[in-house]
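> Structure below; questions to follow.
The values are calculated or read from the model by the stated rules, or taken from the named source; none is laboratory data. Since the structure is predicted, the reported quantities are computational estimates derived from the model, not experimental observations. Glycine gets a Cβ as well: all are built from the backbone with ideal geometry, and neighbour counts include every protein chain shown. When the accessible area is computed, the model is the full protein with side chains, heavy atoms only, and any ligands, DNA or RNA have been set aside. Shrake-Rupley method; radii C 1.70, N 1.55, O 1.52, S 1.80 Å.
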Amino acid sequence: GPSAWSNHPPIRGAGRSAAPGMLRVSLLSGSGSTMLMGRVSLLRGAARSLVRTPAGLALGRTTGRSHVVQRAQRQLCTKPAAASPTPTPAGGASVPPPSVGWSYAAFAKTNPNLNNLAIATAKTGLADLIVQTVIERKSLSEVDWKRNAVFCLFGACYLGAFQYWYQVNIFCRLFPSIERFTSQSWAAKLTDVPGLTSLMGQTVLDMGVLTFIYLPTFYIFKAGVFSSSWDVQDWGETGVASYRKNWDKDVYDLFRVWVPADLLCFSVPLFMRLPVRHIISFVWTAYLSFTRGSKC
């Protein structure tokens, strides 16, 4: 009957005993599978015997060496993969190396609240110190450090904490178009009616805060530092009395300085808002120190 393999090539190295006829199996007879398994076993035994002979060992070594040579040839003929180029920004500019050590820019970006607190405290204290030593011509031994403490504490609590909170967080919620308006050119801002309306709203609100919160808070801080008692109620009463006494002059000065200053501060891009305000506030604090900084 038909066989499973016909004209099969002889097994290399097995001699004449491994003739093709050994692999012919009749698939029609019932004993075909038994005959197949038996002859496969004979072939395995013959292969094991061949490997143990000197000729088989030599053939194995030769075959192994040929595989090694072929592998080496493939490696030599294969071109190494090119290293991926380092990405560069558009325009072909080189990528700057990563910064090492402390960076003020990174600190300010990571800790905006702490950065603003430090700037406000140092700014107000320095402004008062300059007024006392330069304008009033006092030596360091004659500096009124209680007066300087008034400005340091006021700068930290009001300008550093409260002002940052309401001008950044509250204003962004009340006036959601701030970022869009401030990112435009000056020509586009002048024709942006909703943005100009938002600008006027921020200015009116800030002038109200400066008039009814900023000024009385300053006088209360001043009364607390110069007071000989720890009675907080007494600080409040003394501070409010000074606030009322100087109302006309203080409010007039406040409006003529901070109305144009607010229009500028609330028009520049958001990341420039507080830096510009700190510059103007430094000059204002020096003026306030000169006119209202002393104990009387």
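> When a/c reaches 1.5 or more, the comparison of a/b and b/c decides; with that in mind, is the range 117-263 rounded, prolate or oblate per its Cα gyration tensor?
Judged from the Cα gyration tensor, the range 117-263 comes out prolate (a/c at least 1.5, a/b above b/c).
> Same structure, new question: Which whole-Hz ³J(HN,Hα) couplings does the range 254-270 yield from phi under the Karplus relation 6.51 cos²θ - 1.76 cosθ + 1.60, θ = phi - 60°, glycine and proline marked x?
Values per residue, Gly and Pro as x: 4, 6, 6, 9, 8, 5, x, 5, 5, 4, 6, 4, 7, 9, 6, x, 4 Hz.
> What's the local net charge at Q163, with K and R +1, D and E -1, over the other residues with C-beta under 13 Å away?
+1
> Looking at the range 99-171, which trypsin sites (Lys or Arg not before Pro) are in a loop (DSSP not H, G, I, E or B) and have at most 10 other Cβ atoms within 10 Å?
R137
> Taking the C-alpha atoms of the range 123-189, how large are the radius of gyration and the largest Cα-Cα span, Dmax, in Å?
Over the range 123-189's Cα set, Rg and Dmax evaluate to 18.5, 54 Å.
> What are the ³J(HN,Hα) couplings of the range 158-164, residue after residue, when phi is run through the Karplus curve with 6.51, -1.76, 1.60 and θ = phi - 60°? Round to Hz, x for glycine and proline.
8, 6, x, 9, 5, 4, 5
> Show me 247-257, 218-228, 163-173 ranked by packing, highest mean number of other Cβ atoms within 10 Å first.
Put in order of decreasing packing, that is 218-228, 163-173, 247-257.
> At 1.4 Å probe size, with no ligands or nucleic acids counted, give the accessible surface of R180 in Å², nearest ten.
110
> Computed FRET efficiency, Cβ-Cβ of V283 and D231, R0 25 Å: what is it to the nearest 0.05?
0.15
> Report the label-to-label distance for N246 and A161 in nanometres (one decimal), using points 7 Å from each Cα along the Cα→Cβ vector.
Each label point lies 7 Å from its Cα, and together they span 2.3 nm.
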